[in-house]
Amino acid sequence: MKILVAGGAGYIGSHTTKELIKEGFEVVVFDNFSTGKKELLVGGELFEGDLMHKESIKKALWSKNIEAVLHFASLIQVGESYADPRKYYTHNLITSLNLLDVMLEAGVKYFVFSSSAAVYGEPLQNPIPESHPLNPFNPYGQTKFFVEKVIQDYERAYGLKFISLRYFNAAGADPEGHLGELHDPETHLIPNILLFLLGKKRKFEIFGKDFPTKDGTAVRDYIHVTDLAKAHVLSLKKLLKSPQSEFINLGTNKGYSVLEIINKTEEITGEKVLYTESPRREGDVPVLLASKEKAEKILGWKLYHSNIETIIETAWNWHRKCAKSM
Ligand code: UDP
């Protein structure tokens, strides 16, 4: 069974490629290395191509006899999506439409999509169930929302079968130390703290200490990237065995504030995190927690690595390794 992993040289795509290979799938990694990294290739076959160009997708799908597609390739910086919405709408929507178009032409019906908790916007309740109204307020979240609408229509009209996975806060690194986060620029909390401790960032800022939470800092649901990767493999198996389209949250049901993450990081690294206080980032909500019941029920998903200590330890090992080799 050959699977195309679009964006397989990125953070979550590479961890998923590793899990797919472990489970005996033949993987074709499709990437243009605009944000993906050669260091994150873990095996399978590489097809260097660009989702903005249908011809290269066609070549990959037809010549490799692909039976299902996992789509990770996307721009992901919420702040940048406010500043340059055109870039996000153009890139994230056209790439997804091209990919789906060629899949339908080639008769490839199974699709696993990297969606995001950003589709919910400001939550009316926490933990958030999948039935929560969708009201994305940043352009990044809008692009995920629109692709979710497209795949629903394509299911109805063309028989596409999909699982759209709504990630909460992906974090941590491959427990075996081969893979991890390599974003440039890095915007996420845990790598930002670690890069600051390693002297790779000049300062570390807390964005907002005036949220209506227990310590004033924002609370997020951190999920280990290997657990996320395993959910993709389970989704693929589910689609192949009993195809039914679904929207599924991937998170832990549990949240940590920015200050709690800082404290845990200090315990694990033995280093003091000296931070500066900055205003809230545009669009940051106080609390975002996933209801994980549906993932457990439909996919049989279990969390193996998502306790906060493992998340920070694996990320710390990865960033220290990268810092030494740079
Ligand atoms: N955050 C922070 N400093 C940073 C990066 C993030 O205080 O350098 C905060 C951010 O405002 C949010 C939380 O940490 O409340 C998680 O942010 P991240 O960018 O990791 O994920 P998001 O929830 O925005 O997708």
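The values are calculated or read from the model by the stated rules, or taken from the named source; none is laboratory data. This is a predicted model, so every value here is computed, not measured. Cβ sites come from the backbone with ideal geometry, for glycine too, and all protein chains shown count toward neighbours. Note: areas computed on protein heavy atoms with side chains; ligands, DNA, RNA excluded. Shrake-Rupley method; radii C 1.70, N 1.55, O 1.52, S 1.80 Å.
Would you check which residues across segment 166-179 are away from the ligand (no atom under 15 Å from the Cβ) and surrounded by fewer than 24 Cβ atoms within 10 Å (Cβ to Cβ) and list them? Quick ask: steps written out before the conclusion?
Initially, segment 166-179 is screened for residues away from the ligand (no atom under 15 Å from the Cβ), giving 174-179.
Result: Asp174, Pro175, Glu176, Gly177, His178.
Checking the conditions here, which among Lys238, Lys203 is basic (Lys, Arg) and within 21 Å of Ser131 (Cα to Cα)?
Lys238
Filtering segment 269-283 down to residues that are open to solvent by 40 Å² or more (accessible area, probe 1.4 Å) and within 21 Å of Ala118 (Cβ to Cβ), which residue is modelled with the lowest pLDDT?
Filtering first and then ranking leaves Glu282.
Within segment 243-263, work out how many residues are in contact with an Asp or Glu (Cβ under 9 Å, 6 or more places away or on another chain) and more than 9 Å from the ligand (Cβ to nearest atom).
Final tally of qualifying residues: 14.
Restricting the search to segment 180-190, which residues are more than 8 Å from the ligand (Cβ to nearest atom) and either acidic (Asp, Glu) or open to solvent by less than 10 Å² (accessible area, probe 1.4 Å) (or both)?
Gly180, Glu181, Asp184, Glu186, listed by residue number.
How many residues does segment 46-78 hold that are of a type outside the set (A, V, I, L, M), without any contact (Cβ under 8 Å) to a residue 40 or more places away in the chain and open to solvent by 70 Å² or more (accessible area, probe 1.4 Å)?
4
Looking at (1) open to solvent by 50 Å² or more (accessible area, probe 1.4 Å); (2) in contact (Cβ under 8 Å) with a residue 40 or more places away in the chain, which is the only condition Ala118 fails?
The failed condition is (1).
For Phe196, are the conditions met, namely being surrounded by 15 or more Cβ atoms within 10 Å (Cβ to Cβ) and outside any helix (DSSP H, G or I)?
No; evaluated as a whole, the condition is false for this residue.
Checking the structure you have, find out if any residue of segment 298-311 is more than 22 Å from the chain's Cα centre (by Cα), open to solvent by 40 Å² or more (accessible area, probe 1.4 Å) and away from the ligand (no atom under 16 Å from the Cβ).
no
Taking segment 199-230 as the region of interest, how many residues are buried (at least 20 other Cβ atoms within 10 Å of the Cβ) and among the basic types (Lys, Arg)?
The number of residues fulfilling the criteria is 2.
Quick test of your reading of the structure: Leu239 fulfils all but one of (1) touching a residue at least 60 places away in the same chain (Cβ under 8 Å); (2) in contact with a Gly (Cβ under 8 Å, 6 or more places away or on another chain). Name the failing condition by number.
Condition not satisfied by Leu239: (2).
Quick one: would you say Glu266 is open to solvent by 20 Å² or more (accessible area, probe 1.4 Å), under 20 Å from Pro191 (Cα atoms), within 16 Å of the ligand (Cβ to nearest atom) and without any contact (Cβ under 8 Å) to a residue 12 or more places away in the chain?
Considered against the rule, which asks whether it is open to solvent by 20 Å² or more (accessible area, probe 1.4 Å), under 20 Å from Pro191 (Cα atoms), within 16 Å of the ligand (Cβ to nearest atom) and without any contact (Cβ under 8 Å) to a residue 12 or more places away in the chain, Glu266 comes out as yes.
How do the pairs read when you match residues in segment 198-210 that are under 15 Å from Pro279 (Cβ atoms) with residues anywhere that are assigned to a loop (DSSP other than H, G, I, E, B) and near the ligand (Cβ under 6 Å from one of its atoms), using Cβ under 6 Å and keeping only pairs 6 or more apart or on different chains?
Cβ pairs passing all conditions: Phe207/Arg281.
List, please: which pairs have Cβ atoms under 8 Å, are six or more places apart or on different chains, and start with a residue in segment 275-296 that is within 11 Å of the ligand (Cβ to nearest atom) and end with one that is hydroxyl-bearing (Ser, Thr, Tyr) and assigned to a loop (DSSP other than H, G, I, E, B)?
Going by the 8 Å Cβ cut-off, the qualifying pairs are Pro286/Thr213; Val287/Thr213.
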